[in-house]
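Accompanying notes for the structure given below.
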Ligand code: COI
């Protein structure tokens, strides 16, 4: 199989200056190299290569531009105090990428091959992993349909590309609580649709509501289910958790909610600590009820980019619900500290999540 040929490497001759550690933001700067591999129906995945970071040229008829046949992933590389480079659960990302590929009628990428690409790239650009509290190297693998044909059928050609960006906090609030607007008009996804896939359209579909929420002073929106606008799905591009009367609840995966790797890791951490955690259908009404009865103790979002983002305020149809006095809760902080402790190699990793490159 051509896909198993070794990765060809072309190193840059003009390395870029590294950005200042305190100005990283999210996804602004890109490292010196990128990975590319091609797919054709005839040859499968082939021509895997690491090349200097550069623009790509596509035919304007490429299907990705017209029908949105594309998926992406997001994961991070960390540098430990003793200089090792490690990735957080890259195997889970690659498995999810193939589930997204399947939903979008795109060919799977052999997991080993994708992991080799990511490790190889992270190794070559390891000097780009920033130091400093909360900083890391965000890795963005993505697949695009490149066949130049306007017929609405799955593309017969694709590119798998990996780019990397040194990042700081995703939200300017950092680990400080964000204010969330509960969206009652627009929806992100419907059961039976592509909500579970990490595909571009899900994010484009959310921009209008996100902008409207921002105009009103909210960082993100909380998405309700598409059929009844009653049940909680996600917040912004994160999964969401609520601690009510000592038990942690999160919406059960239903096909329209993204199967977050940080979500899964938080559930496993909570179980490891014997904190009761329940995945089930959750209505916005019961969260407000719990808030009014003084039983809603904490809420937080989880995602690769933000890790843990405490929720300090909800606004549903004009009614504000302040959570934990608008402050970061103890459990949110403990999860953040332990998860990032494992990621930065400061704490033991009992789950075998960290993979050295
Ligand atoms: C994540 O945090 O997992 C994301 O996918 C966020 C990204 C869309 C910026």
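The values are calculated or read from the model by the stated rules, or taken from the named source; none is laboratory data. Nothing here was measured: the structure is a model prediction, and the numbers come from that model. Heads up, the Cβs are rebuilt from the backbone with ideal geometry, glycines too, and the neighbour counts pull from every protein chain shown.
Here is a list of conditions, (1) more than 16 Å from the ligand (Cβ to nearest atom); (2) more than 16 Å from residue 113 (Cα to Cα), and residue 30 meets all of them except one; can you say which number that is?
(1)
Could you tell me which of the residues 124, 56, 144 is farther than 19 Å from residue 260 by Cβ, under 21 Å from the mean Cα position of the chain (by Cα) and modelled with pLDDT of 95 or more?
After applying the criteria, what remains is 144.
May I ask you to list the residues in the range 17-35 that are touching a helix residue (DSSP H, G or I) at 6+ places or on another chain (Cβ under 7 Å) and surrounded by fewer than 17 Cβ atoms within 10 Å (Cβ to Cβ)?
Answer for the range 17-35, where residues must be touching a helix residue (DSSP H, G or I) at 6+ places or on another chain (Cβ under 7 Å) and surrounded by fewer than 17 Cβ atoms within 10 Å (Cβ to Cβ): just 18.
Among the residues of the range 293-305 satisfying the criterion of being within 11 Å of the ligand (Cβ to nearest atom) and surrounded by 24 or more Cβ atoms within 10 Å (Cβ to Cβ), which is farthest from residue 338 (Cα to Cα)? Don't jump to the end; show me each part of the working.
If we filter the range 293-305 for residues that are within 11 Å of the ligand (Cβ to nearest atom), which is where we start, we get 301-305.
Narrowing the set further to residues that are surrounded by 24 or more Cβ atoms within 10 Å (Cβ to Cβ) leaves 301-302.
On the way: 301: 16, 302: 14 Å.
Here the residue is 301.
Filter the range 229-263 down to the residues that are under 15 Å from the mean Cα position of the chain (by Cα) and either away from the ligand (no atom under 12 Å from the Cβ) or under 19 Å from residue 286 (Cβ atoms) (or both) and list them by number. Steps first, please.
From the range 229-263, those under 15 Å from the mean Cα position of the chain (by Cα) are 234-240, 257-263; that's our starting set.
Once the filter is applied, which keeps residues that are under 15 Å from the mean Cα position of the chain (by Cα) and either away from the ligand (no atom under 12 Å from the Cβ) or under 19 Å from residue 286 (Cβ atoms) (or both), the range 229-263 yields 234, 235, 239, 240, 257.
Tell me yes or no: at least one residue of the range 312-335 is within 16 Å of the ligand (Cβ to nearest atom) and either within 18 Å of the chain's Cα centre (by Cα) or closer than 30 Å to residue 98 by Cα (or both).
Yes: one or more hits.
Going residue by residue through the range 90-103, is there one that turns out to be in a loop (DSSP other than H, G, I, E, B), in contact (Cβ under 8 Å) with a residue 24 or more places away in the chain and either within 25 Å of residue 260 (Cα to Cα) or over 25 Å from the mean Cα position of the chain (by Cα) (or both)?
Within the range 90-103, not a single residue is in a loop (DSSP other than H, G, I, E, B), in contact (Cβ under 8 Å) with a residue 24 or more places away in the chain and either within 25 Å of residue 260 (Cα to Cα) or over 25 Å from the mean Cα position of the chain (by Cα) (or both).
Within the range 132-146, which residues are in contact with a helix residue (DSSP H, G or I) (Cβ under 8 Å, 6 or more places away or on another chain) and surrounded by fewer than 21 Cβ atoms within 10 Å (Cβ to Cβ)?
132, 134, 135
Would you please name the residue that is farthest from residue 150 (Cα to Cα), looking only at residues in the range 36-58 that are in contact with a helix residue (DSSP H, G or I) (Cβ under 9 Å, 6 or more places away or on another chain) and not in a strand (DSSP E or B)?
My answer is 43.
Out of the residues in the range 61-79 meeting the condition of being assigned to a strand (DSSP E or B) and away from the ligand (no atom under 16 Å from the Cβ), tell me which one is modelled with the highest pLDDT.
It comes out as 62.
Take residue 19 and decide whether it is more than 18 Å from residue 139 (Cα to Cα), part of a loop (DSSP other than H, G, I, E, B), in contact (Cβ under 8 Å) with a residue 12 or more places away in the chain and in contact with a strand residue (DSSP E or B) (Cβ under 9 Å, 6 or more places away or on another chain).
In short, no.
Suppose the filter is under 23 Å from residue 196 (Cα atoms), within 16 Å of the ligand (Cβ to nearest atom) and modelled with pLDDT under 95; does residue 266 pass it?
no
Consider the range 50-59. How many of its residues are surrounded by fewer than 16 Cβ atoms within 10 Å (Cβ to Cβ) and in contact (Cβ under 8 Å) with a residue 24 or more places away in the chain?
Qualifying residue count, the range 50-59: 6.
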